[in-house]
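The structure appears below as structure tokens.
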Amino acid sequence: MGRNWSKKSGRADTGAAGRSGALLALTLAVGLTGLTACGGNGDGGGDAPSASASTNDRGQQPPKGPDRLGPTPSAVPSVREWKAVRGPGWQRTEHTRVVTGSDSLRDEAKLLADELKVKVAKGPSRTGDIELKRDNGDNGGKKDKKDKKGKSGEPGSGPEGYRLVSRDGKVTITGSDDAGVFYGTRTLLQTHRAQGRFAEGTVRDAPDRPQRGFSLDIARKNFSTDWIKDRIREMGDLKLNQLQLHLSDDQAFRVESDTHPEIVSDPHLTKAQIRDIVELAASRHITVIPEIDSPGHLGAVLKAHPELQLRSASGRTPRGAIDISKPAAADLVDDLLVEFAELFPGRYAHAGGDEYQALMTQNPEQTYPGLAQEARKRFGENAKVQDLATAWLNDRAATLRKHGKMPQVWNDGMHRGGVVEPNKPRQVAYWTGREQGERQPAEYLREGWEVVNFNDEYLYYVLGQPNNFTYPTGRRIYEDWTPAVVRGTEPVPKKWAGRDHILGGRFAVWGDLADAQTTEQVARGIRLPLAATAQKLWDPQRPERSWSDFVKLANRVD
């Protein structure tokens, strides 16, 4: 018997009755057929198939009767609940179709049909088919764009949850929203790639965290449209739902602009290319998040607008730092935020706020007296440069909210103890604890801020490995990191660790030393770390598979 139809049921969530049934099936199979038991690691692929296993078992027919249990689905991230039953399962045939009666699911049906090289039909479904359905009533094709959290700890619940039933040679995938149905198709597709079929049983699955993403610095290193699209397809299979693009930095501004064409670098992405990227991402239920970082990291903008460059009392011009005391500086950045709010129609936009050089000196008020004077003028005698910086980010966040966006900002743009306080709503992207006046993640959580985890200890792939960064490994993420590990290696207190406080996380590529790797090397280097990140955002519990088994699984489902 081939490895894909192990007599093991996979995960131990079928209860004692299920284990007894599996044992009975094993006894019957050995007694009636004389086959030896197959090795299995819970995903349908043992490390060493039995001597009687075929070298290519994809062509074997599934069992004809309900005499054994099939393997756990092969998927990255792993399904959170699988209940196997005896039966033949599903296998693609020349007659297989993807069937749906829902207009809103036609895109999901067509994508899966193209991937499986079968046809789409309206139904009714029959043996061999895959049916896609909406539960709780179909809403006529209207998709809810809000980031609903669903119910924590309930596989199959929420807008991204799904139920997949493989029964009597047919698969039915049901979700309350199109995203959940799409994720069910990913589980089916990956299992088909790895096993050539889908065992008889039921999957109930949903992500633990609502924000699961990948962040890409396209400013310091140029990535082609095709490269980005390949990552989007990869992200879709991994059930990731956010792609953040860091558009501007000291080295370049990489997107076409109508309001300020003078700042645009070559090469860059045209607006038509961005629309193609956004459209492809939407087909995978991925939101593209633009990041226009300010008031630091604006070197490319300042090259075209030197009159807005920040200057110290000694005449020093810190790289990338705009003079936040000048109204023209705010007008320019707001022009860009508004322009790109329409180009990127998703719910989120990132306003940056990190590493403003004026706040990275020993005495900002003495070093930058112009900023200190403006702070006191606006906010009173006790105001400092940090208050002016806080007000700057408040204003940029307000601009984004006026255009329907939820602002996200870096944690080192959020300052404590000032005259001016950060405004709400916004979300805090926590990446570091290295800044002056550093704040522990728990401090933000106690204050009621929602946090997105960018922990630079695990999730930062910094080209060239400067400033004591090292390339992250998938194994370390898989074995040691969870969304609760926001800074360093220790988790936040348990009361702050849940999805209501820490919304999720993103694995990030930064182009500090852009030529250190080619784009092809980056793609290879991040493949397993990205898969491990997806696994731990979908299910933060300690994985049942070893790292070596996870790697084998990732290779099979790709």
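For K170, a cut-off of 17 angstrom between C-alpha atoms picks up these aspartates and glutamates, skipping any fewer than 8 places away in its own chain: E94, D129, E131, E200.
As a quick test, which of the pairs K326/K405; K83/K239; K221/K377; K110/K424 have an alpha carbon distance above 30 angstrom in this structure? Listed pairs above 30 Å: K221/K377; K110/K424. Taking a straight line from the alpha carbon of K494, not one of the aspartates and glutamates sits under 12 Å away once near neighbours fewer than eight places off in the same chain are left out. A 1.4 Å probe, protein heavy atoms only, puts the accessible area of D258 near 110 Å². When only Cα pairs below 8 angstrom with a gap of at least 6 residues are kept, the range 364-436 shows a relative contact order of 28 percent. Projecting the Cα atoms of A179, Q190, L243 onto the charge dipole of the range 151-280, computed from C-beta unit charges around the Cα centre, puts Q190 farthest toward the positive end. Give me the distance between the Cα centres of the range 260-301 and the range 438-494, rounded to whole Å. Cα centroid to Cα centroid, the span is 25 Å.
The values are calculated or read from the model by the stated rules, or taken from the named source; none is laboratory data. As the structure is a computational prediction, the values presented were derived from the model and not from experiment. Note: ideal-geometry Cβ built from the backbone for every residue, glycine included; neighbour counts use all protein chains shown. The area values use the complete protein model at the heavy-atom level, side chains included, leaving out ligands, DNA and RNA. Shrake-Rupley method; radii C 1.70, N 1.55, O 1.52, S 1.80 Å.
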